[in-house]
Amino acid sequence: MGGSLSLVPVLDYFAHREFLAAGLRPSAVTLPYPDGGSGATCTVHYWAPEGEPRLPPLLLVHGFGPRATWQWRCQVGPLSRHFHVVVPDLLGFGGSAYPSETAPPPTEATQAAVLAALLGALPGLEGRRVAVAGTSYGGFVAYWLARAAGAGRVGPVVIASSDLLKTAADDRGFLKRAGEGWGGVDEILLPAEPAAMRKLMELASYRPPPAALTPDFLLRDFIQKLFTENRERLVHLLKGITVGTDKFQVTPLSQDVLIVWGDHDQLFPVEKAFAVQRSLNGSARLEVIKKTGHAPQLEDPARFNKVMLDFLLAAHKPDPSSRPRVHDTTVSDSERSLSRRVAMGFGVLQLMDFIARRAFLGAGLQPHTVTLPAPVPVPVPAIATTSSDTGGTGVVGAGAGPCTIHYWAPAGEPRLPPLLLIHGFGPMATWQWRRQVGPLSRHFHVIVPDLLGFGASSCAAGAPAPSESAQAAALASLLDALLPGPRVAVAVAGTSYGGFVAYALARAAGQGRVGPVVISNSDLLKTADDDSALLERAGPGFGRTADLLMPLDARGARRLMELSFYRRQAFALLPDFVIRQAVQQLFTDKREEKIELMKAITVGTDGFQLTPLPQDVLLIWGDHDQIFPLEKAFAVKRCLGEDIRLEIFEKTGHVPQMEDPDRFNKVVLDFLLASQQPPSTQLA
């Protein structure tokens, strides 16, 4: 039972997904160990993109706290759009190891020497100039690497919250700030009891999580996983630190240097930032980030990323006239507040929402809201006769009241072909498409709306629940508002319920407005018998499909995940009270409206007839989908025409875009890019 109460694997999972979404992959290499004598080796685990770099290399060096993936998870997305990002585990951390039984602990200089060897071993990096950023203990290592390798090998340097001038007196000051009862710095930095863990969070963050969110049993689990299991190794590493001794003398660097500090850092107080700046001859740029503590990259990632990108891009392009425009990732106060709460707290929904939103922001998408006339769908027979040559949608008209549509899209006029991603009936659109927006945004101007009745999108008060055709009409109106001027064909992809809407939009608008169409795990032939079969597969206790698809207890949530996913999800490992609280937050809001939405679905009624589309169509299905079983994919394909392409994803369920995102993205990109080519350039 103890394992089911652990949040550490959940946080690991989400951090890893951030790295994977940024295009980084885990790997390891064996290198000579500088302090181990002849023949001694060490293993360095690291994350980096596959293949040789196409962008300037950037090394991110973590601090003494949790995993590197936890410390840099808010940076890898935005930074990977401009740099070939390499994130190693320092020796003694994560998957990196050294011969601790026979060799002395690595100093900062040793860690730096191993990182230099790593850079020389990675494909395409030998001899290349590398930008380096280090936080806290990682700043010590970054300084040593820059100093030892010189400006010919190491370019601009970012040192975050790293007191290069730390002394024994600073350690005594730290213990004084911590209060009475602490015998040494290591008692707090390597906590063994919940009280020490709370004190560490209090000193490290500007807004530490409240005690209600950090019960002792959770803190004990974190202590066990992060510190107790590695305590001897971490104590060994602390003994290797030379900062504050005669072995570590700070002298100016020849590289451009940016110093970043939180104004409420209680581990290394902000006055030390100015002292470090002076020790570097005052030539380093100092940025103090307000309302943050020892980890500003976690408490205010948007500000941290912007400051860091501005510095690194300017250092790589010294001519201001040739400097490219950096996308402004500044976000609202509420978004920044959310980032602070999630960085140091344990709210599961807030964490998942934060990670998904960061993926969207990292892809260059921003949240927007627009008010549009109420959609008035044309009946299906009239839609079928719409001419694609007219460019009209045939579905939008003045209604009884306006509707509000919330959507994500890049700011400004589109420079790439537009692509509309339509979510299903489950949680937020950002959750459902977070693994796609990064790869797809490199080729398309991606627009991700909340359908009416979901998220922040809504119909006028008193308006009837929209059918799929009405949802399509609202999206057509949104496209008209976002893409003024000459009409361009918009590629459309929809998953599950979103596939119903994508089909209705493509059929209503014709080829003049909608281009290639992707329909994923969407049973356009669903009937009442299919609903009955779904409830039978779910087992006893579900009286209607709404009870299954919008659960309000832990049992229902776990059963829905079992039917939706091929692999067991980390969320299902959480205790009942956490799941119960999460699903109540997810499915209580707008519950009655969503039940009415389900009743308004016309698929499976006489009001809906499935006929072939004139557009190119890609059909995607998970082979273990228990919501809409695989045999329905073949039936849908027969109705849409045998010439459409069907891709079946092995070992996935109802959401292959989440369970096998790499393959999903490749299949969708190959299809969409091929559909955009002129006929003469496409393969026969």
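The values are calculated or read from the model by the stated rules, or taken from the named source; none is laboratory data. On a predicted model such as this, the values are computed, not experimentally measured, just so you know. Heads up, the Cβs are rebuilt from the backbone with ideal geometry, glycines too, and the neighbour counts pull from every protein chain shown.
Yes or no, residue by residue, for (1) at pLDDT below 95; (2) closer than 26 Å to Ala509 by Cβ; (3) crowded, with 18+ Cβ neighbours inside 10 Å:
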| position | (1), (2), (3) |
| --- | --- |
| Ala582 | yes, no, yes |
| Thr588 | yes, no, no |
| Glu592 | yes, no, no |
| Lys599 | yes, yes, no |
| Thr605 | yes, yes, no |
| Phe608 | yes, yes, yes |
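Might you let me know whether the range 556-567 holds any residue that is more than 30 Å from Val617 (Cα to Cα) and of a type in the set (Phe, Trp, Tyr)? Reasoning before the result, please.
Quick first cut of the range 556-567, residues more than 30 Å from Val617 (Cα to Cα) only: 556-559.
Narrowing further to those that are of a type in the set (Phe, Trp, Tyr): none.
No, the range 556-567 has no match at all.
Which ones in the range 99-120 are among the β-branched types (Val, Ile, Thr) and in contact with a strand residue (DSSP E or B) (Cβ under 9 Å, 6 or more places away or on another chain)? Working first, answer last.
First, pick out the residues of the range 99-120 that are among the β-branched types (Val, Ile, Thr): 102, 107, 110, 114.
The one that is among the β-branched types (Val, Ile, Thr) and in contact with a strand residue (DSSP E or B) (Cβ under 9 Å, 6 or more places away or on another chain): Val114.
Identify, from the list Arg231, Arg220, Arg198, the residue that is within 24 Å of Trp261 (Cβ to Cβ) and outside the structural domain of Asp265 (by TED's automatic domain parsing).
Details: Arg231 fails: within 24 Å of Trp261 (Cβ to Cβ); Arg220 fails: within 24 Å of Trp261 (Cβ to Cβ).
Answer to the check: Arg198.
Let's see how each residue does on (1) part of a loop (DSSP other than H, G, I, E, B); (2) among the hydroxyl-bearing types (Ser, Thr, Tyr); (3) surrounded by fewer than 20 Cβ atoms within 10 Å (Cβ to Cβ); (4) under 21 Å from the mean Cα position of the chain (by Cα):
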site: Val44; (1), (2), (3), (4): no, no, no, no
site: Thr69; (1), (2), (3), (4): no, yes, no, yes
site: Cys74; (1), (2), (3), (4): yes, no, no, yes
site: Leu79; (1), (2), (3), (4): no, no, no, yes
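Tell me which of these Pro575 doesn't satisfy, since it passes every other one: (1) at pLDDT 75 or above; (2) not assigned by TED's automatic domain parsing to the domain that holds Gly510.
(1)
For the range 240-256, which positions are within 34 Å of the chain's Cα centre (by Cα) and farther than 18 Å from Gly63 by Cα?
Going through the range 240-256, the residues within 34 Å of the chain's Cα centre (by Cα) turn out to be 241, 255-256.
The answer is Gln255, Asp256.
Within 27 Å of the chain's Cα centre (by Cα), in contact (Cβ under 8 Å) with a residue 60 or more places away in the chain, crowded, with 18+ Cβ neighbours inside 10 Å and assigned to a loop (DSSP other than H, G, I, E, B): does that describe Leu125? Please lay out each step first, then the result.
Details: within 27 Å of the chain's Cα centre (by Cα): yes; in contact (Cβ under 8 Å) with a residue 60 or more places away in the chain: yes; crowded, with 18+ Cβ neighbours inside 10 Å: yes; assigned to a loop (DSSP other than H, G, I, E, B): yes.
Spelling it out, Leu125 is indeed within 27 Å of the chain's Cα centre (by Cα), in contact (Cβ under 8 Å) with a residue 60 or more places away in the chain, crowded, with 18+ Cβ neighbours inside 10 Å and assigned to a loop (DSSP other than H, G, I, E, B).
Confirm whether Arg25 is within 28 Å of the chain's Cα centre (by Cα), free of Cβ contacts under 8 Å to residues at least 60 places away in the same chain and surrounded by fewer than 20 Cβ atoms within 10 Å (Cβ to Cβ).
Working: within 28 Å of the chain's Cα centre (by Cα): yes; free of Cβ contacts under 8 Å to residues at least 60 places away in the same chain: yes; surrounded by fewer than 20 Cβ atoms within 10 Å (Cβ to Cβ): yes.
Answer is yes for this residue.
Yes/no matrix, rows are residues, columns are (1) in contact (Cβ under 8 Å) with a residue 40 or more places away in the chain; (2) touching a Phe, Trp or Tyr at 6+ places or on another chain (Cβ under 6 Å); (3) not β-branched (Val, Ile, Thr):
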{"site": "Leu258", "(1), (2), (3)": "yes, yes, yes"}
{"site": "Ala273", "(1), (2), (3)": "no, yes, yes"}
{"site": "Arg278", "(1), (2), (3)": "no, no, yes"}
{"site": "Ala295", "(1), (2), (3)": "yes, no, yes"}
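Scan the range 404-425 for residues that are in a loop (DSSP other than H, G, I, E, B), among the hydrophobic types (A, V, I, L, M, F, W, C) and modelled with pLDDT of 95 or more and report the count.
0
Sort out which residues of the range 37-62 are farther than 22 Å from Ala142 by Cα and of a type outside the set (S, T, N, Q), and write them in order of number. Steps first, please.
Filtering the range 37-62 down to residues farther than 22 Å from Ala142 by Cα leaves 37-40, 50-52, 54.
If the condition is that a residue be farther than 22 Å from Ala142 by Cα and of a type outside the set (S, T, N, Q), then Gly37, Gly39, Ala40, Glu50, Gly51, Glu52, Arg54 are the ones that fit.
Asp606 - would you say it is in a helix (DSSP H, G or I) and over 15 Å from Ser522 (Cα atoms)?
Working: in a helix (DSSP H, G or I): no; over 15 Å from Ser522 (Cα atoms): yes.
No.
Residues are listed down the side, and each one gets a yes or a no for (1) outside the structural domain of Leu20 (by TED's automatic domain parsing); (2) within 15 Å of Ala117 (Cβ to Cβ); (3) not acidic (Asp, Glu):
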{"position": "Glu50", "(1), (2), (3)": "no, no, no"}
{"position": "Leu55", "(1), (2), (3)": "no, no, yes"}
{"position": "Leu60", "(1), (2), (3)": "no, no, yes"}
{"position": "Phe64", "(1), (2), (3)": "no, no, yes"}
{"position": "Gln71", "(1), (2), (3)": "no, no, yes"}
{"position": "Gly77", "(1), (2), (3)": "no, no, yes"}
{"position": "Val87", "(1), (2), (3)": "no, no, yes"}
{"position": "Leu90", "(1), (2), (3)": "no, yes, yes"}
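Which members of the range 648-662 meet the condition of being surrounded by fewer than 22 Cβ atoms within 10 Å (Cβ to Cβ) and of a type in the set (Val, Ile, Thr)?
Hit for the range 648-662 is Ile648, nothing else.
Which of (1) in contact with a Cys (Cβ under 7 Å, 6 or more places away or on another chain); (2) without any contact (Cβ under 8 Å) to a residue 24 or more places away in the chain; (3) not charged (D, E, K, R) does Gly120 not meet, given it meets every other one?
The failed condition is (1).
Residue-by-condition table, conditions (1) of a type in the set (Val, Ile, Thr); (2) over 25 Å from Gln111 (Cα atoms):
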{"residue": "Ala148", "(1), (2)": "no, no"}
{"residue": "Asp170", "(1), (2)": "no, no"}
{"residue": "Glu180", "(1), (2)": "no, yes"}
{"residue": "Val185", "(1), (2)": "yes, no"}
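Given the criterion in the same structural domain as Ala470 (by TED's automatic domain parsing), surrounded by fewer than 19 Cβ atoms within 10 Å (Cβ to Cβ), at pLDDT 85 or above and under 23 Å from Trp431 (Cβ atoms), identify the matching residue among Lys637, Lys666.
On the way: Lys637 fails: under 23 Å from Trp431 (Cβ atoms).
Selected residue: Lys666, the only one of Lys637, Lys666 that is in the same structural domain as Ala470 (by TED's automatic domain parsing), surrounded by fewer than 19 Cβ atoms within 10 Å (Cβ to Cβ), at pLDDT 85 or above and under 23 Å from Trp431 (Cβ atoms).
Give me the helices (runs of 4 or more DSSP H) completely within the range 193-295, filtered to those with at least 3 residues that are touching a strand residue (DSSP E or B) at 6+ places or on another chain (Cβ under 9 Å) and surrounded by 18 or more Cβ atoms within 10 Å (Cβ to Cβ), ordered by residue number. Please lay out each step first, then the result.
Working: elements: 194-204, 216-226, 231-239, 271-279.
Once the helices (runs of 4 or more DSSP H) in the range 193-295 are filtered for at least 3 residues that are touching a strand residue (DSSP E or B) at 6+ places or on another chain (Cβ under 9 Å) and surrounded by 18 or more Cβ atoms within 10 Å (Cβ to Cβ), what remains is 271-279.
Can you confirm whether the range 1-13 contains a residue that is outside any helix (DSSP H, G or I), free of Cβ contacts under 8 Å to residues at least 40 places away in the same chain, in contact with a strand residue (DSSP E or B) (Cβ under 7 Å, 6 or more places away or on another chain) and of a type outside the set (Phe, Trp, Tyr)? First the steps, then the outcome.
Going residue by residue through the range 1-13, those that are outside any helix (DSSP H, G or I) are 1, 6-7.
Of the ones still in play, those that are also free of Cβ contacts under 8 Å to residues at least 40 places away in the same chain are 1.
Within this subset, residues satisfying the condition of being in contact with a strand residue (DSSP E or B) (Cβ under 7 Å, 6 or more places away or on another chain) are none.
Within the range 1-13, not a single residue is outside any helix (DSSP H, G or I), free of Cβ contacts under 8 Å to residues at least 40 places away in the same chain, in contact with a strand residue (DSSP E or B) (Cβ under 7 Å, 6 or more places away or on another chain) and of a type outside the set (Phe, Trp, Tyr).
Being outside the structural domain of Ser532 (by TED's automatic domain parsing) and free of Cβ contacts under 8 Å to residues at least 12 places away in the same chain: is that true of Glu592 here?
Numbers: outside the structural domain of Ser532 (by TED's automatic domain parsing): no; free of Cβ contacts under 8 Å to residues at least 12 places away in the same chain: yes.
In short, no.
Quick check on my filter: what residues within the range 147-161 are in contact with a Gly (Cβ under 9 Å, 6 or more places away or on another chain) and closer than 17 Å to Ser283 by Cβ?
Matches in the range 147-161: Val157, Val158, Ile159.
Being at pLDDT below 90, touching a His at 6+ places or on another chain (Cβ under 9 Å) and not basic (Lys, Arg) is the requirement here; does Pro324 meet it?
On the way: at pLDDT below 90: yes; touching a His at 6+ places or on another chain (Cβ under 9 Å): yes; not basic (Lys, Arg): yes.
Answer is yes for this residue.
Residues in the range 46-64 that are in contact (Cβ under 8 Å) with a residue 40 or more places away in the chain and either in a strand (DSSP E or B) or buried (at least 16 other Cβ atoms within 10 Å of the Cβ) (or both): how many?
Quick first cut of the range 46-64, residues in contact (Cβ under 8 Å) with a residue 40 or more places away in the chain only: 46-48, 51-53, 56-64.
Narrowing the set further to residues that are either in a strand (DSSP E or B) or buried (at least 16 other Cβ atoms within 10 Å of the Cβ) (or both) leaves 46-48, 53, 56-64.
Number satisfying all stated conditions: 13.
Among the residues that make up the range 618-630, is at least one of them assigned to a helix (DSSP H, G or I), modelled with pLDDT of 90 or more and in contact with a Gly (Cβ under 9 Å, 6 or more places away or on another chain)? If you could, list the steps in order and put the result at the bottom.
Step one: filter the range 618-630 for residues assigned to a helix (DSSP H, G or I), giving none.
Looking for residues that are assigned to a helix (DSSP H, G or I), modelled with pLDDT of 90 or more and in contact with a Gly (Cβ under 9 Å, 6 or more places away or on another chain), one finds none in the range 618-630, hence no.
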